[in-house]
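Asks: Structure in structure tokens, see below.
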Amino acid sequence: QVQLVESGGGLVQAGGSLRLSCAASGSIFRISTMGWYRQAPGKQRELVAAISKFGNLNYADSVKGRFTISRDNAENTVYLQMNSLKREDTAVYYCAAIGDDFGSWGQGTQVTVSS
């Protein structure tokens, strides 16, 4: 079992920044990739960014150049630095941990970008 606890969401004006954190606990040795997904009202959950245990990165086209994912293996924490936020970034952001035979989700944290 892997447990994920997110923090750092909130309300920010367009053009502002937020940093999300996701702390993993439990069977962390089983994790190969950690990532952030988001789900806006009426839309499907989509990948925002992911980072493998080898440091390979993957970003959605819509956030490239604005968001940065990073991973602190010593602290078992993954971060999502979000800059130049836009109204369309408003969503519930979910942390995910993926292994060979499992996937775990955090509870989600709301990010609201106002104009």
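The values are calculated or read from the model by the stated rules, or taken from the named source; none is laboratory data. Quantities reported herein were computed from a predicted structural model and do not represent experimental measurements. Every residue, glycine as well, gets a Cβ built from its backbone with ideal geometry; the counts of neighbours run over all protein chains shown. Each accessible area value is taken on the protein alone, full model and side chains, heavy atoms only, with ligands, DNA and RNA left out. Shrake-Rupley method; radii C 1.70, N 1.55, O 1.52, S 1.80 Å.
Asks: Select from region 16-115 those chymotrypsin sites (Phe, Trp or Tyr not before Pro) which occupy a DSSP coil region and have at most 13 other Cβ atoms within 10 Å, ordered by residue number. Please list the in-between numbers first.
Replies: Details: sites: PHE29, TRP36, TYR37, PHE54, TYR59, PHE67, TYR79, TYR93, TYR94, PHE102, TRP105; in loops: PHE54, PHE102.
Within region 16-115, the qualifying chymotrypsin sites (Phe, Trp or Tyr not before Pro) (loop, at most 13 other Cβ atoms within 10 Å) are PHE54, PHE102.
Asks: Looking at region 1-55, which trypsin sites (Lys or Arg not before Pro) are in a loop (DSSP not H, G, I, E or B) and have at most 13 other Cβ atoms within 10 Å?
Replies: Values: sites: ARG19, ARG30, ARG38, LYS43, ARG45, LYS53; in loops: LYS43, ARG45, LYS53.
Within region 1-55, the qualifying trypsin sites (Lys or Arg not before Pro) (loop, at most 13 other Cβ atoms within 10 Å) are LYS43, LYS53.
Asks: Compute for the chain: radius of gyration divided by Kirkwood radius, i.e. Rg/Rh, restricted to C-alpha atoms, rounded to two decimals.
Replies: Values: Rg = 13.4 Å, Rh = 14.0 Å.
Radius of gyration relative to Kirkwood radius: 0.95.
Asks: Then there is this: Using a Gaussian network model of the chain with C-alpha springs under 10 Å, which one of ALA60, ALA50, ALA74 is most mobile by mean-square fluctuation?
Replies: Evaluated over the chain, the most mobile residue of the options is ALA74.
Asks: Here's a follow-up. For region 1-55, report the translational diffusion coefficient in µm²/s to the nearest whole number, using Stokes-Einstein at 37 °C, 0.692 mPa s, and a Kirkwood Rh over Cα pairs. Write down the numbers at each step before the final one.
Replies: Working: Rh = 13.3 Å.
Using the Kirkwood radius from Cα pairs, D works out to 247 µm²/s.
Asks: While we're on this one: In square angstrom, what is the accessible area per residue of the chain with a 1.4 angstrom probe?
Replies: On the way: 6130 Å² over 115 residues.
Spelled out: the 1.4 Å probe surface of the chain, per residue, equals 53 Å².
Asks: Among all the lysines, which ones have a C-alpha under 19 Å from LYS43's C-alpha, if same-chain residues fewer than 8 places away are not counted?
Replies: Excluding near neighbours in sequence, the set is LYS86.
Asks: So if I place +1 on the C-beta of Lys and Arg and -1 on the C-beta of Asp and Glu, and nothing else carries charge, what would the dipole magnitude of the chain be about its Cα centre? I want it in debye, nearest 20. Present the calculation step by step, with values, prior to reporting the outcome.
Replies: Details: 11 positive and 9 negative charges, 52 e Å.
Charge dipole, the chain, about its Cα centre: 260 debye, nearest 20.
Asks: Return the sequence-ordered ³J(HN,Hα) values of region 71-76 in whole Hz as given by the Karplus equation 6.51 cos²θ - 1.76 cosθ + 1.60 applied to θ = phi - 60°, using x for Gly and Pro.
Replies: 9, 10, 5, 5, 9, 6
Asks: Once you put a point 7 Å from the Cα of ILE28 and another 7 Å from the Cα of SER7, both along the Cβ direction, what distance in nm separates them?
Replies: The answer from the label model is 1.4 nm.
Asks: May I pose another question? So, counting K/R as plus one and D/E as minus one, what does the shell of residues with Cβ under 15 Å around LEU18 add up to?
Replies: Values: positive: ARG19, ARG38, ARG66, LYS86, ARG87; negative: GLU6, GLU88, ASP89.
Computed value for this residue: +2.
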